[in-house]
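Below is one structure, written out as structure tokens, with a few remarks after it.
The values are calculated or read from the model by the stated rules, or taken from the named source; none is laboratory data. The shown structure was predicted, so the numbers you read here are calculated from the model rather than taken from an experiment. All Cβ positions, even for glycine, are placed from backbone atoms using ideal geometry, and neighbour counts span all protein chains on display.
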Amino acid sequence: MKKYKIGIIGATGYAGLELIRLLVNHPDAEIAAVSSVSFEGQDIADVYPNLKEIVPMTLESVDEIIPRCDLVFASVPHGVSEEMAVKCKASGTILIDLGADFRLHDEADYKKWYGKDYKHPELHETAVYCIPELHREQIKNAPVIGNPGCYPTSISLGLMPAIRAGIIDLDHVIVDSKSGVTGAGRGLTQGTHYPDTNEAFAAYKAGCHRHTPEIEQTLTELAGTKVNVTFVPHLLPVNRGIESSIYVQLNEKGRALTAEQIHEIWSDTYKNERFVRVEKLGNYANIKNVRMSNFCDISLHLDEHCGTLIISSVIDNMVKGAAGQAIQNMNIRLGLAEETGLLTVPTAF
């Protein structure tokens with residue numbers, strides 16, 4: 001059977017490394033080329049010794065690898081992927097962008113939150129943003145796929161059943177998220193320096209994080225009306241994982257339901273979704289239980305006194321929040337079984 005030739009741009013970043021880790025064992029994909037501006041010309045195993053004798057490849061330039069590949073993943077900073085999309089279009093190569101360039105539908109939002117205009121607006125007319133559980137039918141012929149951000153993934157999957165069932169007040173959604181340090185990327189900053197993160201826990205970019213418009217865009221599409229979100233992220237002193245605690249007020253329809261009936265809504269919504277697992281009532285979703293995997297675990301907690309539903313949604317930010325979801329999108333786009341190469345068992349510790 002044919003193996004699709006896959007290229008990875010930004011292969012030495014954390015998400016790029018995760019793509020390699022997962023694709024090495026993908027039965028229908030072959031890593032054909034890897035690229036890195038910072039380490040071009042070096043062997044990737046010299047950058048990441050864990051790949052020694054597993055991925056014997058030299059890091060090449062972007063222009064060298066695109067024409068040789070059926071599909072390319074780009075794990076690069078915002079403002080870079082559009083030019084790569086132009087080159088992919090010219091060579092007939094599919095692009096899956098793990099950055100922000102193809103996440104927002106409205107150019108004005110992109111300019112407001114990322115400070116840049118679209119250089120190639122025509123590309124955005126055919127590009128598709130895809131959380132697989134919500135948008136899979138839209139990407140089967142897409143030349144460019146915008147892979148979602150990690151926080152928006154955990155939040156959208158947690159909230160989707162409530163919005164579709166019409167059981168919550170949409171005027172104001174409050175989201176309190178915590179992420180492992182890998183979410184900040186491989187480049188060292190003072191805020192991710194070991195002495196500053198170890199034994200520490202703090203919020204950052206409260207009310208002004210760049211994932212806010214992406215979260216609101218997805219929730220608004222689900223609801224059919226504008227949804228506003230107060231989003232407060234925090235940095236956890238762990239390598240991996242995101243936990244999003246989502247606080248929503250039940251409306252009249254929601255208040256008429258028991259905790260068991262509310263739980264059944266989530267269970268029914270995700271009963272056929274391979275990568276979303278709904279915890280039993282009384283259990284709490286824990287980032288430990290999704291580590292190194294493509295799963296999203298969700299637990300539900302009802303505050304009857306205040307009429308508040310608390311949704312806890314956890315993912316591994318490097319897998320379901322980045323590389324794993326990108327491969328899930330690749331599988332859909334190439335007509336493969338969605339779970340192919342992604343059934344890694346989460347580590348227990």
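Summary of computed values
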read-out	value
Hits in segment 312-349 (condition: closer than 19 Å to residue 211 by Cα and either modelled with pLDDT under 95 or β-branched (Val, Ile, Thr) (or both))	314, 315, 319
Single unsatisfied condition, residue 50 versus (1) free of Cβ contacts under 8 Å to residues at least 40 places away in the same chain; (2) part of a loop (DSSP other than H, G, I, E, B); (3) closer than 21 Å to residue 18 by Cβ	(2)
Boolean, residue 259 is in contact (Cβ under 8 Å) with a residue 24 or more places away in the chain, over 15 Å from residue 133 (Cα atoms) and buried (at least 24 other Cβ atoms within 10 Å of the Cβ)	no
Scope segment 262-296; condition in a loop (DSSP other than H, G, I, E, B), among the charged types (D, E, K, R) and either outside the structural domain of residue 241 (by TED's automatic domain parsing) or closer than 14 Å to residue 133 by Cβ (or both); matching residues	271, 273, 274
Index of the failed condition, residue 267 passing every other in (1) within 30 Å of residue 341 (Cβ to Cβ); (2) in contact (Cβ under 8 Å) with a residue 12 or more places away in the chain	(2)
Unique match (being buried (at least 17 other Cβ atoms within 10 Å of the Cβ), without any contact (Cβ under 8 Å) to a residue 24 or more places away in the chain, among the hydroxyl-bearing types (Ser, Thr, Tyr) and in the same structural domain as residue 230 (by TED's automatic domain parsing)) among 299, 312	299
Answer residue from segment 129-186, given it is surrounded by fewer than 18 Cβ atoms within 10 Å (Cβ to Cβ), outside the structural domain of residue 227 (by TED's automatic domain parsing) and touching a strand residue (DSSP E or B) at 6+ places or on another chain (Cβ under 7 Å) and is farthest from residue 330 (Cα to Cα) among those	138
